[in-house]
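K.L.:
Structure below; questions to follow.
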Amino acid sequence: MKPREAILKLFGIFFLCFLVLFTTHFDLFGSSIAKFLIVSFATLKSLLFVYQNFKKIKESKMERDVYFNYLIFLGGNIILVIISFAMDFFTLYEVNNASFQGIPSEFSLGEKVFEFFFYSILNMTNFGFGEVIPVTLAAKTITSLEVILSFVAIIFVLSDFMSLRDSIINRKPQK
């Protein structure tokens with residue numbers, strides 16, 4: 001993934017989260033519609049990340065892409081997943097603060113964002129929830145999406161990548 005693509009994706013994610021927060025703040029949609037939009041965006045985003053990773057594996061196998069390039073692509077995607085899900089969690093919490101337990105009400109905006117960023121890192125690394133616990137169906141759905149995406153990225157993609165790396169290392173130079 002090129003830096004420009006990553007930045008555009010990140011701004012797109014922030015824009016969608018801001019759009020949902022904006023519509024909720026001005027009561028343009030009800031809370032139910034906002035939750036539906038957040039879950040829908042998270043689902044579509046997850047499918048897009050899975051598609052991009054498997055597409056990159058296929059391209060790497062066909063082009064004999066360099067190990068380092070694929071590793072950078074995968075790392076960039078994982079960072080984007082963590083940031084984007086942190087924004088999803090934060091947006092969902094702002095729409096309905098009963099979605100998660102463990103967030104003190106006196107936290108500032110920055111502390112809430114950090115708490116959900118930390119929560120997203122824990123989910124992506126399969127390390128556990130920590131103090132934040134998803135309570136509502138929407139919160140549990142988005143958390144499940146991130147954990148499944150983590151499983152796909154870490155288990156399937158990396159294991160397939162290891163076979164790709166072995167094929168690159170073991171190939172014979174052409175004469």
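K.L.:
Identify all residues within segment 21-44 that are among the β-branched types (Val, Ile, Thr) and at pLDDT 80 or above; write none if there are none.
P.N.:
Hits for segment 21-44 are ILE33, ILE38, VAL39, THR43.
K.L.:
Counting only residues that are of a type outside the set (Gly, Ala, Ser) and touching a residue at least 24 places away in the same chain (Cβ under 8 Å), which one in segment 130-142 is farthest from VAL20 (Cα to Cα)?
P.N.:
My answer is GLU131.
K.L.:
What pairs can you find where one residue is in segment 96-125 and touching a residue at least 40 places away in the same chain (Cβ under 8 Å), the other is part of a helix (DSSP H, G or I), and their Cβ atoms are less than 6 Å apart, with a gap of 6+ or different chains?
P.N.:
Listed by first residue and then by second, the contacts come to ASN96/SER31; SER99/LEU92; SER99/TYR93; SER99/ALA139; MET124/ILE82; MET124/SER150.
K.L.:
Can you say whether ILE169 is closer than 20 Å to PHE73 by Cα, modelled with pLDDT under 90, in a helix (DSSP H, G or I) and not small (Gly, Ala, Ser), as far as the supplied structure shows?
P.N.:
yes
K.L.:
Can you name the residue in segment 63-82 that is surrounded by fewer than 14 Cβ atoms within 10 Å (Cβ to Cβ) and not in a helix (DSSP H, G or I) and is also modelled with the highest pLDDT among such residues?
P.N.:
Per the criteria, the residue is VAL66.
K.L.:
Is it fair to say PHE85 is closer than 24 Å to ILE72 by Cα and in a helix (DSSP H, G or I)?
P.N.:
yes
K.L.:
If you don't mind, another one. Is one or more of the residues making up segment 126-141 among the aliphatic types (A, V, I, L, M), part of a helix (DSSP H, G or I) and crowded, with 17+ Cβ neighbours inside 10 Å?
P.N.:
Within segment 126-141, one or more residues are among the aliphatic types (A, V, I, L, M), part of a helix (DSSP H, G or I) and crowded, with 17+ Cβ neighbours inside 10 Å.
K.L.:
Looking at (1) out of contact with any helix residue (DSSP H, G or I) (no Cβ under 9 Å at 6 or more places or on another chain); (2) assigned to a helix (DSSP H, G or I); (3) not hydroxyl-bearing (Ser, Thr, Tyr), which is the one condition that is false for GLU106?
P.N.:
Going through the list (1) out of contact with any helix residue (DSSP H, G or I) (no Cβ under 9 Å at 6 or more places or on another chain); (2) assigned to a helix (DSSP H, G or I); (3) not hydroxyl-bearing (Ser, Thr, Tyr), GLU106 breaks only (2).
K.L.:
Now a separate question. Within the set of pairs 6+ apart or on separate chains, which have a first residue in segment 51-62 that is part of a helix (DSSP H, G or I) and surrounded by fewer than 16 Cβ atoms within 10 Å (Cβ to Cβ), a second that is of a type in the set (A, V, I, L, M) and at pLDDT 75 or above, and C-beta atoms under 9 Å apart?
P.N.:
Short answer, once both residue conditions are applied: PHE54/VAL152.
The values are calculated or read from the model by the stated rules, or taken from the named source; none is laboratory data. The structure presented is a predicted model; accordingly, all values stated were derived computationally and were not measured. As a convention, Cβ positions derive from the backbone with ideal geometry for all residues, glycine included, and neighbour counts pool all protein chains shown.
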